[in-house]
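This report refers to the structure that appears directly beneath it.
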Amino acid sequence: MSAQETAVPDAEASATSASDGPSLGERLQAFVGQTTGPPVRAWDPVNQPMIRHWVEAMGDHNPVYVDDAAAREAGFPGVIAPATMLQAWTMRGLRASEAADAARANRELKGASPNDRLMMMLDEAGFTSVVATNCDQHYVRPLVPGDFLTCTSVIDSVSTEKATGLGTGHFVTTRLEYTVQNDELVATMLFRILKFRPRPKADAAAPASVPTSSASAAASTSAASTSAASTSAPSSVPSSGSAPRPKRPRPALTQDNRFFFDGAKEHKLLIQRCSNCGTLRHPPRPSCAKCQSFEWGTVTASGRGTIYSFVVNHYPQVPAFDYPLVVALVELEEGTRLVANVADITPDSVFIGMPVIAGFEAFDDDLTLPVFRPDPGATGTGGVATGGAGAQDVAQDAAQDERTS
Ligand SMILES: [Zn+2]
């Protein structure tokens, strides 16, 4: 992904401190060209077991990663590692990452790498949030079992202050070089992050979904684009007070998902449909998983469905929502599933398999979402299959167990 950016003309001047010392911009530029820290050597050489676990997890069925004969037939000397495994070989692991995060949080400058000092300088200037924006990898040759990687990295560039959709901040690009035995260069990577200033509380009435780490950035983007009932708490929402009730978090609109929210405004529950093979899909995405076509249209769902799974959210409480909040994964009768709130029901009467029907609720002028309610038309009519009363009881018991455990 690529963050939209525009220059902030007077930012560098305003960032100059009252003292006569160098400006923030000057101090940031001093980091360019410095190594981010000592070289990182892989724990282990490139090896078949790690490759096998990776391709299993990714669902990659290309035989050249696991079958010597297939790899030779494809022109390789033997099995090769998937190119996109590159970073996996030098990952420092969870414990080391936690220790580094703790050190940074405690402002332990002693022994900190240039990269740590750069991040702390940006933190202190108020750019406390981070989101990964770009990753460009270049592969010189495939990695093969026995290759023993070492990774060195240099701070490639630090941008001037930019205004982006997430807030103002600085882009920091790191250039990483991967070498193996005999210092042979096998790959390079440019990794770009945005260190930005979280939105001020004045904007809390209409908070964007603001990620606070690169990991939560991905989760947040995905949640916002796929679920109509986001329960994640934007960092800037006030926790209490008599101020007007904040609005619900905005979905992150893209050209792929905008139709869903536009449809909701017109009280239509729309499902994306591949124009080539007719497969329905949700959450919205650019191409068809079945035939890879990028052509798509929409169909209007009946609104009838059943609760496939659900949670009752008690905490953390975000002022824009009412609690306890029932968040369900609803399976529509057309076959796709979506996340939405269930209203007009007490949490302990919700059960898996429960027939529900969509309505629409305008939360504010700009946000209408589908909200599901128990489907009165399905009661006793068999209108929505639930697997019979026996299965329903079992599901209800299971749901009960989930709540009491
Ligand atoms: Zn298709």
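Pairs are defined by a Cβ separation below 8 Å, a sequence spacing of at least 6 or placement on different chains, a first member in the range 260-279 that is more than 13 Å from the ligand (Cβ to nearest atom), and a second member that is part of a loop (DSSP other than H, G, I, E, B) and among the charged types (D, E, K, R); the pairs so defined are 271/334. List every residue pair whose Cβ atoms sit under 9 Å apart, with the two residues 6 or more apart in sequence or on different chains, where the first one lies in the range 309-323 and is more than 21 Å from residue 352 (Cβ to Cβ) and the second, anywhere, is of a type in the set (D, E, K, R) and in a loop (DSSP other than H, G, I, E, B). Within 9 Å, the pairs are 318/248; 319/245; 320/245; 320/247; 320/248; 321/248.
Of the residues that make up the range 311-319, is at least one more than 16 Å from the ligand (Cβ to nearest atom), of a type in the set (A, V, I, L, M), part of a loop (DSSP other than H, G, I, E, B) and at pLDDT below 95? Within the range 311-319 (the criterion being more than 16 Å from the ligand (Cβ to nearest atom), of a type in the set (A, V, I, L, M), part of a loop (DSSP other than H, G, I, E, B) and at pLDDT below 95), the answer is yes, since at least one residue qualifies. A search for C-beta distances below 9 Å between a residue of the range 114-126 that is without any contact (Cβ under 8 Å) to a residue 40 or more places away in the chain and any residue that is among the small types (Gly, Ala, Ser), counting only pairs 6+ apart in sequence or on different chains, returns 120/112. Here the condition is being within 16 Å of the ligand (Cβ to nearest atom) and either over 21 Å from residue 271 (Cα atoms) or part of a strand (DSSP E or B) (or both); of 377, 305, 359, 297, it holds for 297 alone. Residue 150 falls short on exactly one of the conditions (1) in contact (Cβ under 8 Å) with a residue 40 or more places away in the chain; (2) farther than 30 Å from residue 66 by Cα, and that condition is (2). With the requirement that a residue be free of Cβ contacts under 8 Å to residues at least 24 places away in the same chain and more than 7 Å from the ligand (Cβ to nearest atom), what does the range 280-291 give you? Correct list: 287, 289.
One residue alone among 335, 353 is outside any strand (DSSP E or B) and farther than 18 Å from residue 300 by Cα, and that residue is 353. Residue-level check: of (1) assigned to a loop (DSSP other than H, G, I, E, B); (2) in contact (Cβ under 8 Å) with a residue 24 or more places away in the chain; (3) not aliphatic (A, V, I, L, M), residue 54 misses just (1). In summary, residue 219 fulfils each of the numbered conditions (1) within 21 Å of residue 88 (Cβ to Cβ); (2) at pLDDT 95 or above with the single exception of condition (2).
Residue check, residue 347 against (1) at pLDDT below 95; (2) within 16 Å of the ligand (Cβ to nearest atom), all met but one. Which one? That leaves (2) as the condition not met.
Among the residues in the range 35-43, are any within 27 Å of the chain's Cα centre (by Cα) and over 26 Å from residue 148 (Cβ atoms)? Checked against the condition, which is being within 27 Å of the chain's Cα centre (by Cα) and over 26 Å from residue 148 (Cβ atoms), the range 35-43 yields no hits at all. Being in contact with a strand residue (DSSP E or B) (Cβ under 8 Å, 6 or more places away or on another chain) and within 16 Å of residue 257 (Cβ to Cβ) holds for only one residue in 324, 374, 347, 284, and it is 284.
The values are calculated or read from the model by the stated rules, or taken from the named source; none is laboratory data. Not measured: the values here are computed from a predicted model. Note that each Cβ is placed from the backbone with ideal geometry, even for glycine, and that neighbours are counted across all protein chains shown.
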